[in-house]
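A quick write-up on the structure given underneath.
The values are calculated or read from the model by the stated rules, or taken from the named source; none is laboratory data. All figures in this text were calculated on a predicted structure; none of them were measured in a lab. Here Cβ is always computed from backbone atoms with ideal geometry, including for glycine, and neighbour counts include all displayed protein chains. Ligands, DNA and RNA are excluded from the accessible area calculation, which covers all protein heavy atoms including side chains. Shrake-Rupley method; radii C 1.70, N 1.55, O 1.52, S 1.80 Å.
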Amino acid sequence: MRWEQLHWGQAVLMPVTGAFIGWLTNWMAVRLIFRPHRPVRVLGYTIQGVVPRRRHEIARLIGRVVEEELLPKKHLLGSLMTEKMTAEIVRSVEEAVRLRVMDKLPAWLPFNLRRAAADLLAEQVKKELPLLVRQLWGRLEEEVDLSLAALVEERINGFSLEQVEKIITAVAARELKHIEYLGGVLGFIIGLLQLGVLWFARYGGHL
């Protein structure tokens, strides 16, 4: 017997059916990541989406990763206090000192004298303030009680399940769709392998 003797309907149906089953299985698996939102009892088993069931644990882990790996407190505060930020603080304080001195000195003093005094104090502030800002910021890094993990965890837990699902699917929509397609491809390959095994079982001995 030859290959042509195998029914072609069966030859086509097996890989196509395998592709459909593989795609459907992965499609359901992706949906079960998020749905159902609330526990559902089916034949004695409780079914609930992975994200809804473990959302508090997921939020806690994300918060921990953000605080320990992505944005450690020292790195976060250090990135805020840049040279540009220091210069802006110094410029703002310098200008404020100059205006305040001009405003507080008696009006009967000559304008040039008041202006000279204001410029002198502002210049002194400009020289001393950068070091003071760095020292204060160093103390802030050591003393500030900033729990970024707790903030992230609280924020995520504050989202509704629909918001969490929307955020995750927005970020990983392409990857989730690829998972579905991959199920179809693998199912098709498995169908072909089953077809090959069936053909060999039936006709391999007659080669």
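For the residues Leu61, Leu71, the requirement of being of a type outside the set (S, T, N, Q), out of contact with any Asp or Glu (no Cβ under 7 Å at 6 or more places or on another chain) and modelled with pLDDT of 80 or more singles out Leu61.
The set of residues from region 13-58 being over 19 Å from Ala172 (Cβ atoms), among the β-branched types (Val, Ile, Thr) and without any contact (Cβ under 8 Å) to a residue 60 or more places away in the chain comprises Val40, Val42, Thr46, Ile47. The set of residues from region 1-50 being assigned to a loop (DSSP other than H, G, I, E, B), open to solvent by 60 Å² or more (accessible area, probe 1.4 Å), aliphatic (A, V, I, L, M) and at pLDDT below 80 comprises just one member, Met1.
Just one of Leu151, Leu161 is closer than 26 Å to Val66 by Cβ, open to solvent by 50 Å² or more (accessible area, probe 1.4 Å) and either in contact with a Leu (Cβ under 8 Å, 6 or more places away or on another chain) or not polar (S, T, N, Q) (or both); which is it? When all the criteria are applied, what remains is Leu151.
On the given criteria, is Ala172 free of Cβ contacts under 8 Å to residues at least 40 places away in the same chain, part of a helix (DSSP H, G or I) and surrounded by 14 or more Cβ atoms within 10 Å (Cβ to Cβ)? For Ala172, the condition - free of Cβ contacts under 8 Å to residues at least 40 places away in the same chain, part of a helix (DSSP H, G or I) and surrounded by 14 or more Cβ atoms within 10 Å (Cβ to Cβ) - is met.
Quick one: is Met85 touching a residue at least 24 places away in the same chain (Cβ under 8 Å) and either surrounded by 15 or more Cβ atoms within 10 Å (Cβ to Cβ) or not charged (D, E, K, R) (or both)?
Details: touching a residue at least 24 places away in the same chain (Cβ under 8 Å): no; either surrounded by 15 or more Cβ atoms within 10 Å (Cβ to Cβ) or not charged (D, E, K, R) (or both): yes.
No.
Restricting attention to region 51-68 and to residues that are open to solvent by 40 Å² or more (accessible area, probe 1.4 Å) and hydrophobic (A, V, I, L, M, F, W, C), the residue that is nearest to the chain's Cα centre (by Cα) turns out to be Ile62. Scoring Val16 on the criteria (1) over 29 Å from Glu154 (Cα atoms); (2) out of contact with any helix residue (DSSP H, G or I) (no Cβ under 8 Å at 6 or more places or on another chain) leaves a single failure, condition (2).
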